[in-house]
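The block underneath contains the structure these notes are about, expressed in structure tokens.
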Amino acid sequence: MSTSLDRLAARCAALLGPDAVIGDPVRLRTYECDGLTTHRAAPGLVVLPESADQVAAVVRACAAEGVPYVARGSGTGLSGGALPRTDGVLIVTSRMRRILEIDIPNQRAVVEPGVINLDVSKAVRPHGYYFAPDPSSQQICSVGGNVAENSGGAHCLKYGFTAHHVTACEVVTPDGEIVKLGEGPGYDLLGVFVGAEGTLGITTKITVRLTRVPETVRTLLAAFDSIESGGTAVSAIIGAGVVPAAIEMMDALAIEAAEAAVGCGYPAGAGAVLIVELDGPDGEVAHQFDQVERLCRDAGAFEVRVAADDAERALIWTGRKSAFAAVGRISPAYLVQDGVIPRTALPGVLARIDALSAASGVRVANVFHAGDGNLHPLVLFDDAEEGAAERAEEVSGAILDLCVEHGGSITGEHGVGVDKARYMPRMFTAEDLDTMQMVRCGFDPTGLCNPGKVFPTPRLCGEVPGVRKGPHPLVAEGKAELF
Amino acid sequence: MVAETPRDRQNLLGDCVHCGFCLPTCPTYVLWGEEMDSPRGRIHLMAQREEGAPLAPMVQHFDQCLGCMACVTACPSGVQYDRLIETTRAEVEDEHPRPLRERVLREAVFRLFPYRRRLRAVRGPLRLYQRSGLPALVRRSGVLERISPTLAAMERLAPPLGPAPRLPERVAARGGRRATVGMLTGCVQGEFFPGVNAATARVLALEGCDVVIPRDQGCCGALSLHSGRAEEAAAFARATIETFESVDVVVVNAAGCGSSMKEYADVLADDPAWARRAAAVAAKTRDFAEFVDELGPRAERHPVPATVAYHDACHLSHAQRIRSQPRRLLAGIPELTVREIADPDVCCGSAGTYNLFQPEAAAQLGDRKAGTVRATGAELLVAANPGCSLQIATALRRQGTDIAVAHTAQVLDASLRGLGRAALL
Ligand SMILES: Cc1cc2nc3c(=O)[nH]c(=O)nc-3n(C[C@H](O)[C@H](O)[C@H](O)COP(=O)(O)OP(=O)(O)OC[C@H]3O[C@@H](n4cnc5c(N)ncnc54)[C@H](O)[C@@H]3O)c2cc1C
Ligand code: SF4
Ligand code: SF4
């Protein structure tokens, strides 16, 4: 008897052509994880559609068979959002990579979801524009993935996240309909969709806002003895009312890794480096740049380097942008953590991370978007050593507790995925989570669209949440209805 | 080849952190958008192999890898994909039975290309064939495609042949002597692009080098090395080492040959009698542009008023990390405009024997590259590898554009000798 996956494989081959369907176990396994390699599951089937219609047809086929499916872009996610289902279909957008329209007068472009983030900027650069969200993975991550994760980057401090640069999405809903979100009055469904981590449908066309390339960009690298003095500089800069395009900080261990990987030539012996970039009109940038330089020195910077040209700026950024992957050079394995704290809590939290690291013997390298308090501690371990992974996991989790304790968040930009679903209850009450799941049910009543992500315990739609005794207080008061 | 312990191999594979940064410069990922045909996916397959997964479904994906090493350049984590794929290819050759037709063709190619006398033997008939008007007929008929896409590719790629002048064994330096260098003439370069070797020798001499061109030199082993034929590669390497041991510097004008000679230390690491000698020759191997740039200009540069596009050969830019030197040399020529080709990191599809064994993918990549070359509006394409020039010129011809091709050495030669643009276009 053929299984539902067998039938789906045949159906998909008929719909998309045999070249677009992968069913061989060895090949399937190459899709078993995204950028978070600690979670692996070989998909039951992989399909590589080339159009929205094909995506819709596959989704309908899945719905008909009751088979779950997961969308995947370039597979660089760091929370396991694109972790496949062994009993399901992985719908990969890597062949949907056409830039459909570039509309300079209206400052927008329409792209397919598999288009690489940086390719959007490359395409519009000759017109003097770029696509502002710039995750460190921008050379390969897809715009569809950016939408799903609401990705950010170094320049989010001034320019905002993906959500601020997407004006519409064409979406294949879980019942296989193609709809457009983000146009016309009514609820801001686009706002709900962006950042939903692929649990509400699959986007097949994205209208992005283009940003004018600033008149001037100036970048400096300041080296400090310690993270504390670097943190002081950050507070001083923001406190002075300057809004830099980016303020990034790296600690000694992260610097060591980047140096080993790309030879970025950061000042020797630095306990922390700060990268500050200002952009905008010439006069304003020149004035504020002097101010920033002075504030860095006042905070104790022992060396301040100003990029003289594009090549020098690129070199400063290469170190930062390669930092995650570069950690592979100084440690056999590592976990990338992503948490948020109020900027002012930075020195305190960092001291606590240090203490955690000292107590457990687990090394932690720190990279952060210092301007908006988004931390990326890199927890290093040797996967060949017994129990090391578990210890690293523990430290990594404790760091998230620190973030929540200081009024922050368990994720800044990498998403919840599978990895952090279990931490959601540390931030949200059961009621909060139920409410979110009701939104999800509105889009995906059968729960086939990227199930098992974001929420610690999946609920079926219509199921009465079990944690509460008696009716919800709002229902009891007649202020809300349960549906 | 370096003996890899299983633990070494585990470590090499473990260096990959699965970030995907290498994907956009991988030509096969660019073409097909599939994980198994990306560096990250191929490394994953190798890891599966270590765990005992069957080789058969993987072979296709390893074969389709061009060995362009763009992934090595792109990787922030220092993954040594070059070592990984070389070992893997050798394993495929050892363990994977290929179908008869494929075997015959592979043997034919490996018995022809590395041997200059054999190449020379086909030159005569090929030249006659090219002049006979037969090529158009053969191509139209598609008869070769039907017999074998590989043979068809060989036919399409054969360059128009002029007479091949013989180089003397020694060319004396002009002006004061600054160095004595040996010159590798290369199999394909030597037989199909003899003008490049002559230009290389002249530029070196004009820049003050005594040039030694040993007549009995053979193949450096590049084709074999990059195709997993480890024993054959080692034999070629030993012979080449003997030939060049006595000079201070070996100048190589074909990127593929230069990169494999620089790898000799690894090729013969396990051979105690040869390891040291191999390392010594590897250490004094220089690409033509690398060496001339290092030497610094002395001879006068005359104007060459032309617009050229410079193409990064993978074996130069990725394998040897030589990108700025040739550009600097070209920029030093008065009135020469150098245009950059978009996506310079992505291979043109030539890649040693790739256009012979994977003709379809090679043609698709050739077409992409031809498009970006055409977009530069250049009238001359400059590249440092004979395979690349052949490949891109063929693709441009398919698109109905003829572009002149030249090696960096030929452009420099035209400038040093004051021949102007006429010599190149
Ligand atoms: C080295 C490195 C550095 C990184 N730096 C940053 C950074 O600075 N900032 C940042 O925010 N992130 C960063 N990331 C994380 C990651 O690159 C982003 O989350 C990125 O947006 C994921 O894109 P992707 O195409 O790889 O998506 P994938 O990993 O393939 O998928 C991610 C999620 O999106 C969903 N999805 C994919 N396509 C669609 C679609 N068409 N419709 C609906 N859902 C979809 C998937 O189901 C999954 O849940 C980094 C990752 C790496 C490896
Ligand atoms: S060598 Fe070239 S073709 Fe092979 S995996 Fe690396 S980038 Fe791709
Ligand atoms: S760039 Fe390097 S570490 Fe990243 S996936 Fe490619 S080979 Fe692996």
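Residue A:33 passes all but one of (1) surrounded by fewer than 20 Cβ atoms within 10 Å (Cβ to Cβ); (2) within 14 Å of chain B (Cβ to nearest Cβ); which number fails?
So residue A:33 meets the others, but not (1).
Return the residue satisfying two criteria in turn: it lies in the stretch B:31-43 and is more than 10 Å from ligand 2 (Cβ to nearest atom), free of Cβ contacts under 8 Å to residues at least 24 places away in the same chain and over 24 Å from the mean Cα position of the chain (by Cα), and of such residues it is nearest to residue A:325 (Cα to Cα).
B:35
It is to be established whether one or more residues within the stretch A:53-70 are within 14 Å of chain B (Cβ to nearest Cβ) and over 19 Å from the mean Cα position of the chain (by Cα).
yes
One line per residue, one yes/no per condition, for (1) more than 30 Å from residue A:159 (Cα to Cα); (2) touching a strand residue (DSSP E or B) at 6+ places or on another chain (Cβ under 8 Å):
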{"site": "A:370", "(1), (2)": "no, yes"}
{"site": "A:374", "(1), (2)": "no, yes"}
{"site": "A:391", "(1), (2)": "yes, yes"}
{"site": "A:398", "(1), (2)": "yes, no"}
{"site": "A:405", "(1), (2)": "no, no"}
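Given the conditions (1) crowded, with 24+ Cβ neighbours inside 10 Å; (2) modelled with pLDDT of 90 or more, and given that residue B:275 satisfies all but one, which numbered condition is not satisfied?
For residue B:275, the failing item is (1).
If you check residue A:236 against the conditions, is it more than 15 Å from ligand 1 (Cβ to nearest atom) and in a helix (DSSP H, G or I)? First the steps, then the outcome.
Details: more than 15 Å from ligand 1 (Cβ to nearest atom): yes; in a helix (DSSP H, G or I): yes.
Here the answer is yes, as residue A:236 does meet what is asked.
For the stretch A:278-311, how many residues meet the condition of being closer than 20 Å to residue A:264 by Cα and in contact with a Leu (Cβ under 9 Å, 6 or more places away or on another chain)? Steps first, answer last, please.
Taking the stretch A:278-311 and keeping what is closer than 20 Å to residue A:264 by Cα, we get A:301-311.
Cutting the leftovers down to in contact with a Leu (Cβ under 9 Å, 6 or more places away or on another chain) gives us A:301, A:303-307.
Total satisfying the criteria: 6.
Which numbered condition in (1) within 13 Å of ligand 1 (Cβ to nearest atom); (2) assigned to a helix (DSSP H, G or I); (3) more than 18 Å from residue A:231 (Cβ to Cβ) is the only one that residue A:416 fails?
(2)
Since residue B:66 meets every condition but one in (1) within 14 Å of ligand 3 (Cβ to nearest atom); (2) crowded, with 23+ Cβ neighbours inside 10 Å, which condition does it not meet?
(1)
If you take the residues in the stretch A:74-102 that are within 16 Å of residue A:43 (Cβ to Cβ), in a strand (DSSP E or B) and more than 9 Å from every other protein chain (Cβ to nearest Cβ), which one is farthest from the chain's Cα centre (by Cα)?
A:89
Would you confirm, using the coordinates I've provided, whether residue B:78 is at pLDDT below 90, away from chain A (no Cβ under 14 Å), under 30 Å from residue A:259 (Cβ atoms) and within 16 Å of ligand 3 (Cβ to nearest atom)?
On the way: at pLDDT below 90: yes; away from chain A (no Cβ under 14 Å): no; under 30 Å from residue A:259 (Cβ atoms): yes; within 16 Å of ligand 3 (Cβ to nearest atom): yes.
Considered against the rule, which asks whether it is at pLDDT below 90, away from chain A (no Cβ under 14 Å), under 30 Å from residue A:259 (Cβ atoms) and within 16 Å of ligand 3 (Cβ to nearest atom), residue B:78 comes out as no.
I need the full set of residues from the stretch B:236-260 which are in a helix (DSSP H, G or I) and either under 12 Å from the mean Cα position of the chain (by Cα) or basic (Lys, Arg) (or both), in order please. Step through it out loud before you land on a result.
The initial filter retains those residues of the stretch B:236-260 that are in a helix (DSSP H, G or I), namely B:236-244, B:255-260.
Within the stretch B:236-260, B:238, B:255, B:256, B:257, B:258, B:259, B:260 meet the criteria.
Only residues that are assigned to a loop (DSSP other than H, G, I, E, B) and either within 14 Å of chain B (Cβ to nearest Cβ) or more than 13 Å from ligand 1 (Cβ to nearest atom) (or both): list them for the stretch A:112-149, please. Full working, then the answer.
Our first condition is that a residue be assigned to a loop (DSSP other than H, G, I, E, B); within the stretch A:112-149, this holds for A:112-115, A:128, A:131-141.
Answer for the stretch A:112-149, where residues must be assigned to a loop (DSSP other than H, G, I, E, B) and either within 14 Å of chain B (Cβ to nearest Cβ) or more than 13 Å from ligand 1 (Cβ to nearest atom) (or both): A:112, A:113, A:114, A:115, A:128, A:135, A:136, A:137, A:138, A:139, A:140, A:141.
If you check residue A:458 against the conditions, is it modelled with pLDDT under 85, of a type outside the set (A, V, I, L, M, F, W, C) and within 16 Å of ligand 1 (Cβ to nearest atom)? Quick ask: steps written out before the conclusion?
Values: modelled with pLDDT under 85: yes; of a type outside the set (A, V, I, L, M, F, W, C): yes; within 16 Å of ligand 1 (Cβ to nearest atom): yes.
Yes; evaluated as a whole, the condition is true for this residue.
Within the stretch B:279-302, take every residue that is of a type in the set (D, E, K, R) and in a loop (DSSP other than H, G, I, E, B) and give me the one that is surrounded by the fewest Cβ atoms within 10 Å (Cβ to Cβ).
Here is the first cut: in the stretch B:279-302, the ones of a type in the set (D, E, K, R) are B:284, B:286-287, B:290, B:293-294, B:298, B:300-301.
So of that shortlist, the ones also in a loop (DSSP other than H, G, I, E, B) come out as B:284, B:298, B:300-301.
Working: B:284: 17, B:298: 12, B:300: 10, B:301: 16.
Filtering the stretch B:279-302 for residues that are of a type in the set (D, E, K, R) and in a loop (DSSP other than H, G, I, E, B), the one surrounded by the fewest Cβ atoms within 10 Å (Cβ to Cβ) comes out as B:300.
Criterion first (at negative phi, touching a residue at least 40 places away in the same chain (Cβ under 8 Å), more than 9 Å from every other protein chain (Cβ to nearest Cβ) and buried (at least 20 other Cβ atoms within 10 Å of the Cβ)) does residue A:45 satisfy it?
Working: at negative phi: yes; touching a residue at least 40 places away in the same chain (Cβ under 8 Å): yes; more than 9 Å from every other protein chain (Cβ to nearest Cβ): yes; buried (at least 20 other Cβ atoms within 10 Å of the Cβ): yes.
Here the answer is yes, as residue A:45 does meet what is asked.
Assess whether residue B:312 counts as being within 16 Å of ligand 3 (Cβ to nearest atom) and assigned to a loop (DSSP other than H, G, I, E, B).
Details: within 16 Å of ligand 3 (Cβ to nearest atom): no; assigned to a loop (DSSP other than H, G, I, E, B): yes.
Against the criterion (within 16 Å of ligand 3 (Cβ to nearest atom) and assigned to a loop (DSSP other than H, G, I, E, B)), residue B:312 does not qualify.
All but one of (1) surrounded by fewer than 19 Cβ atoms within 10 Å (Cβ to Cβ); (2) more than 14 Å from chain B (Cβ to nearest Cβ); (3) assigned to a helix (DSSP H, G or I) hold for residue A:300; which doesn't?
Of everything listed in (1) surrounded by fewer than 19 Cβ atoms within 10 Å (Cβ to Cβ); (2) more than 14 Å from chain B (Cβ to nearest Cβ); (3) assigned to a helix (DSSP H, G or I), residue A:300 misses just condition (3).
When you check residue A:442 against the structure, is it in contact with a Pro (Cβ under 8 Å, 6 or more places away or on another chain) and either more than 16 Å from ligand 3 (Cβ to nearest atom) or within 30 Å of residue A:237 (Cβ to Cβ) (or both), yes or no? Lay out the reasoning, then the answer.
Values: in contact with a Pro (Cβ under 8 Å, 6 or more places away or on another chain): no; either more than 16 Å from ligand 3 (Cβ to nearest atom) or within 30 Å of residue A:237 (Cβ to Cβ) (or both): yes.
So residue A:442 does not fit the description; no.
Would you confirm, using the coordinates I've provided, whether residue B:8 is within 24 Å of residue A:137 (Cβ to Cβ), without any contact (Cβ under 8 Å) to a residue 40 or more places away in the chain and more than 16 Å from ligand 1 (Cβ to nearest atom)?
Numbers: within 24 Å of residue A:137 (Cβ to Cβ): no; without any contact (Cβ under 8 Å) to a residue 40 or more places away in the chain: yes; more than 16 Å from ligand 1 (Cβ to nearest atom): yes.
Judged against the criteria, residue B:8 is not a match.
Could you list, in sequence order, the residues of the stretch B:13-59 that are at the interface with chain A (Cβ under 7 Å from one of its Cβ atoms) and assigned to a helix (DSSP H, G or I)?
Scanning the stretch B:13-59 gives B:14, B:23, B:24, B:35, B:36, B:41, B:44, B:45, B:48, B:57, B:58.
Determine whether residue A:19 is out of contact with any strand residue (DSSP E or B) (no Cβ under 7 Å at 6 or more places or on another chain), at the interface with chain B (Cβ under 10 Å from one of its Cβ atoms), over 27 Å from residue A:179 (Cα atoms) and not in a loop (DSSP other than H, G, I, E, B).
Working: out of contact with any strand residue (DSSP E or B) (no Cβ under 7 Å at 6 or more places or on another chain): yes; at the interface with chain B (Cβ under 10 Å from one of its Cβ atoms): yes; over 27 Å from residue A:179 (Cα atoms): yes; not in a loop (DSSP other than H, G, I, E, B): yes.
Considered against the rule, which asks whether it is out of contact with any strand residue (DSSP E or B) (no Cβ under 7 Å at 6 or more places or on another chain), at the interface with chain B (Cβ under 10 Å from one of its Cβ atoms), over 27 Å from residue A:179 (Cα atoms) and not in a loop (DSSP other than H, G, I, E, B), residue A:19 comes out as yes.
Anything in the stretch B:365-392 that is surrounded by fewer than 23 Cβ atoms within 10 Å (Cβ to Cβ) and either within 20 Å of residue B:315 (Cβ to Cβ) or basic (Lys, Arg) (or both)? List them, or say none. Steps first, answer last, please.
Filtering the stretch B:365-392 down to residues surrounded by fewer than 23 Cβ atoms within 10 Å (Cβ to Cβ) leaves B:367-368, B:371-372, B:374-380.
Scanning the stretch B:365-392 gives B:368, B:372, B:374.
With the requirement that a residue be aliphatic (A, V, I, L, M) and over 20 Å from residue A:19 (Cβ atoms), what does the stretch A:72-90 give you? Show your work before the answer.
Taking the stretch A:72-90 first, the residues aliphatic (A, V, I, L, M) are A:78, A:82-83, A:89-90.
Correct list: A:78, A:82, A:83.
Please determine, by comparing only the residues of the stretch B:60-75 that are more than 10 Å from every other protein chain (Cβ to nearest Cβ) and assigned to a helix (DSSP H, G or I), which one is nearest to the chain's Cα centre (by Cα).
Here the answer is B:70.
Taking the stretch A:150-164 as the region of interest, how many residues are within 30 Å of residue A:60 (Cα to Cα) and in a helix (DSSP H, G or I)?
Residues of the stretch A:150-164 within 30 Å of residue A:60 (Cα to Cα): A:150-151, A:162-163.
Remaining after also requiring in a helix (DSSP H, G or I): A:162-163.
Result for the stretch A:150-164: 2.
Okay, residues lined up against (1) away from every other protein chain (no Cβ under 14 Å); (2) of a type in the set (S, T, N, Q):
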{"residue": "A:323", "(1), (2)": "no, no"}
{"residue": "A:329", "(1), (2)": "no, no"}
{"residue": "A:332", "(1), (2)": "no, no"}
{"residue": "A:343", "(1), (2)": "yes, no"}
{"residue": "A:351", "(1), (2)": "yes, no"}
{"residue": "A:355", "(1), (2)": "yes, no"}
{"residue": "A:358", "(1), (2)": "yes, no"}
{"residue": "A:366", "(1), (2)": "yes, yes"}
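When the stretch A:343-359 is examined, which residues are found to be of a type in the set (Val, Ile, Thr) and surrounded by fewer than 20 Cβ atoms within 10 Å (Cβ to Cβ)? Steps first, answer last, please.
Going residue by residue through the stretch A:343-359, those that are of a type in the set (Val, Ile, Thr) are A:344, A:349, A:353.
Within the stretch A:343-359, A:344 is the sole residue that qualifies.
The values are calculated or read from the model by the stated rules, or taken from the named source; none is laboratory data. As the structure is a prediction and not an experimental result, all values here were calculated from the model. Note that each Cβ is placed from the backbone with ideal geometry, even for glycine, and that neighbours are counted across all protein chains shown.
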